[in-house]
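Written out below as structure tokens is the structure these notes cover.
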Amino acid sequence: MTAYVVRGARVVGGEPTDLLIRDGVVEAVGPDADVAGATRVDADGLVALPGLVDLHTHLREPGREDAETVESGSRAAALGGYTAVCAMANTDPVADTAGVVEQVYRLGQAAGLVDVQPIGAVTVGLAGERMAELGAMADSAARVRIFSDDGHCVADPRMMRRALEYVKAFDGVVAQHAEEPRLTVGAQMHEGEWSARLGLTGWPAVAEEAIIARDALLAGHVGARLHICHVSTAGSVEILRWAKSKGFRVTAEVTPHHLLLTDELAAGYDPVFKVNPPLRTDEDVAALRAALAEGVIDVVATDHAPHTTEDKECEWPYARPGMLGLQTALPVVLDTMLEPGLLDWDTVAERMSRRPARIAGLTDHGHDPAPGAPANLTLVDPAARITVDPADLASPSRNTPYAGRTLPGRIVATFLRGEATVLDGKAQK
Amino acid sequence: MIAHLLSAADLDRETATLVLDTATEMATVAGREVKKLPTLRGRTVVNLFYEDSTRTRTSFEVAAKRLSADVINFSAKGSSVSKGESLKDTALTLQAMGADAVVIRHSASGAAHRLAHWVDGSVVNAGDGTHEHPTQALLDAYTMRSRLGKLDGVRVAIVGDVLHSRVARSNVTLLATLGAEVTLVSPPTLLPVGVDSWPAAVSYDLDAVLPDTDAVMMLRVQRERMNDSFFPSAREYARRYGLDGARMRALPDHAIVMHPGPMNRGMEIAPEVADSARSTIVEQVANGVSVRMAVLYLLLGGKS
């Protein structure tokens, strides 16, 4: 295995230093970190972060390989600075059995660009009616710990209670897509001034907040772990703050797009801005940023959701919801959080690597580059500016909402267990 | 002049007034023995209708033909992403056939906006989902101006299912542009969240509004809405928000009663009201042709 000497990197934003990466670990840090024959990586001006961990990725395989595969999604992830992604269960067939989660896990191993940790469905076929074999998925080679019907809410309160309780046996967590389905029938965008004007059926904030409140109470009642996917409203933040103050074991994620974009982007009816939960208002964006800074929202997760051109180049109501996110997540977080001073490098590492790794139970990930730590890390140039070109992205899909937008931060290199998956901004396989 | 007519918001006061003035001239054509002008000879107007609407399609067809345009009716009913050709492919087909204008009716809000990205010709929105129907608003404004003599300061009540109404959205915008005072009257369930940002007052009480109204516009209310709990029954809706003879008599003597059609007689409007001398319903249909002639003329006539 190749040894690497990374020269002059600022580890989590600290003073420039050298890193020796060999045999899958960070062997040494400091001026003595060197070995004959090592490949040198000039990291002058670059920041070294623990490899990013995404709790919410749609890789689309099996079933929609025309939109994304485990391999193409893994490549996008590595290029975005990720070393581990959690693959959502809403594939076709649904990842609701040990067989499917093991298939996804093995496809990830074969691609070898990031660790692909499958998420298991809570209910059979995401139908919300019968509990999937959660224990079998937990015991499988994929060692599933996160369970989610994402794309659908586990709406039945009794089913949700049982799932929360059941996964305690193997320290699992239920990741809830919080959306009361009876309040979002036909919903197309955030319900407010813009939906009224555009004549698109509204997705009210209360449909998210009501489920978060209910499930936080349930998690508290049965002493279980609950994770809330893609929090999008200011009201949700208040409920999460309250739930945490009660000591309930609740964690939450926010997507990059909910930190940057707002509902008025729907005005041109371009479905590239259609996403579920929908883009909200300026007030929501401000509350989400503050909550992420404060830690009420624990992590940033991409909800990377590739869709084919034909599923997006159509009338808004017919388009599928979702946006690409893996390759733009860190730049958006630098733009919305680091540069305005809401987060520093240490808290960026916490929200995008350490904390998500702990929630997912990924013990090899989320460690700062230090002697003996697994060499899962990424190097970012914070001074660089990227202009997003959909054609440059690794995914076969093109549905990025940031086309033409200039964002700070270029991911220069990513290492997975000591092996370079990205060098000079290019995927190594 | 503007390139497309997608929304009533595309029209500023000057342009909207120009359309209405032009429509007045166009109306004189209807009185002639030969109801035809040579203005758009050699130009092609496509009616692209994804929803059944014989009255609107026919109105546009008559308007285009009176201006001597070639008219193609492209019925795409029932088509969607699930079956048949995509809107984009249809747009590229029409483009290749040399359509100078495409008049589109579609069940999806925003369809006309999308179409305008894909064709070079002018796009006229003939109703997109629950979004807008700008030529309906123009013909309503034309009708009010011809009956009441002005629009500035005219008090208009728009009554009914505002939430699902493209007619209401276009009318609120256009009437505000032209200086009228709009009050929306509806059960709270049939008003959109966010309506407070519109340039209109809101009332839940029809009887309180009628005595101070110069024009009352009744919107079509689908009986099936009661299945989604927007209101308990057609009977209760008619009792609280329907325009019957007694309510009509509460209007000022000069006030007019409008309806974009098709009507649900006995639901939002009583037959006695629909057939009364105050009703402009048939006149609106005739005015629709004049207004659509004006729109096509101004969109296409300016280009050579």
Positions within segment B:26-36 being without any contact (Cβ under 8 Å) to a residue 40 or more places away in the chain and either surrounded by 15 or more Cβ atoms within 10 Å (Cβ to Cβ) or within 16 Å of B:Ala286 (Cβ to Cβ) (or both), in sequence order: B:Thr28, B:Gly31, B:Arg32, B:Lys35
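Do we have A:Lys246 as under 22 Å from A:Ala210 (Cα atoms), among the basic types (Lys, Arg) and in the same structural domain as A:Cys86 (by TED's automatic domain parsing) here?
Yes; evaluated as a whole, the condition is true for this residue.
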Quickly run through segment A:39-68 and pick out the residues that are in contact with a Leu (Cβ under 7 Å, 6 or more places away or on another chain) and not in a strand (DSSP E or B). A:Ala43, A:Leu46, A:Gly51, A:Glu61, A:Glu68
Which one of A:Gly192, A:Gly172, A:Gly202 is in the same structural domain as A:Asp284 (by TED's automatic domain parsing) and without any contact (Cβ under 8 Å) to a residue 24 or more places away in the chain? A:Gly202
Which residue pairs have Cβ atoms closer than 6 Å, lie 6 or more positions apart in sequence or on different chains, and pair a first residue in segment A:257-273 that is within 11 Å of chain B (Cβ to nearest Cβ) and assigned to a loop (DSSP other than H, G, I, E, B) with a second residue that is of a type outside the set (Gly, Ala, Ser) and buried (at least 20 other Cβ atoms within 10 Å of the Cβ)? A:Tyr269/A:Trp316; A:Tyr269/B:His113; A:Tyr269/B:Arg114
Residue by residue through segment A:10-35, note down the ones that are free of Cβ contacts under 8 Å to residues at least 24 places away in the same chain and surrounded by 18 or more Cβ atoms within 10 Å (Cβ to Cβ). A:Thr17, A:Asp18, A:Leu20
How about segment A:147-249: which helices (runs of 4 or more DSSP H) wholly inside it have at least 3 residues that are crowded, with 20+ Cβ neighbours inside 10 Å and more than 14 Å from chain B (Cβ to nearest Cβ)? A:157-166, A:205-222, A:234-245
Answer residue from segment B:85-99, given it is more than 14 Å from every other protein chain (Cβ to nearest Cβ) and either in contact (Cβ under 8 Å) with a residue 60 or more places away in the chain or of a type in the set (A, V, I, L, M, F, W, C) (or both) and is surrounded by the fewest Cβ atoms within 10 Å (Cβ to Cβ) among those: B:Ala96
How many of the residues in segment A:112-131 are buried (at least 24 other Cβ atoms within 10 Å of the Cβ), part of a loop (DSSP other than H, G, I, E, B) and in contact with a helix residue (DSSP H, G or I) (Cβ under 7 Å, 6 or more places away or on another chain)? 3
Considering segment B:119-140, residues that are of a type in the set (S, T, N, Q) and over 18 Å from B:Arg13 (Cβ atoms), and then whichever is farthest from the other protein chains (Cβ to nearest Cβ), we arrive at B:Ser122
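Within segment B:190-207, take every residue that is surrounded by fewer than 20 Cβ atoms within 10 Å (Cβ to Cβ) and within 13 Å of chain A (Cβ to nearest Cβ) and give me the one that is nearest to B:Arg225 (Cα to Cα).
Initially, segment B:190-207 is screened for residues surrounded by fewer than 20 Cβ atoms within 10 Å (Cβ to Cβ), giving B:193-197, B:199, B:201-205, B:207.
Restricting the remaining residues to those that are within 13 Å of chain A (Cβ to nearest Cβ) gives B:193-197, B:199, B:202.
On the way: B:Val193: 17, B:Gly194: 20, B:Val195: 20, B:Asp196: 23, B:Ser197: 25, B:Pro199: 26, B:Val202: 21 Å.
This residue is B:Val193.
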Looking only at segment B:65-82, decide whether some residue is under 22 Å from B:Thr143 (Cα atoms), touching a helix residue (DSSP H, G or I) at 6+ places or on another chain (Cβ under 8 Å) and not small (Gly, Ala, Ser). yes
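The values are calculated or read from the model by the stated rules, or taken from the named source; none is laboratory data. In this text the structure is predicted, and so the values were computed from the model without any measurement. Counting neighbours? That spans all protein chains shown, and the Cβs are built from the backbone with ideal geometry, glycine included.
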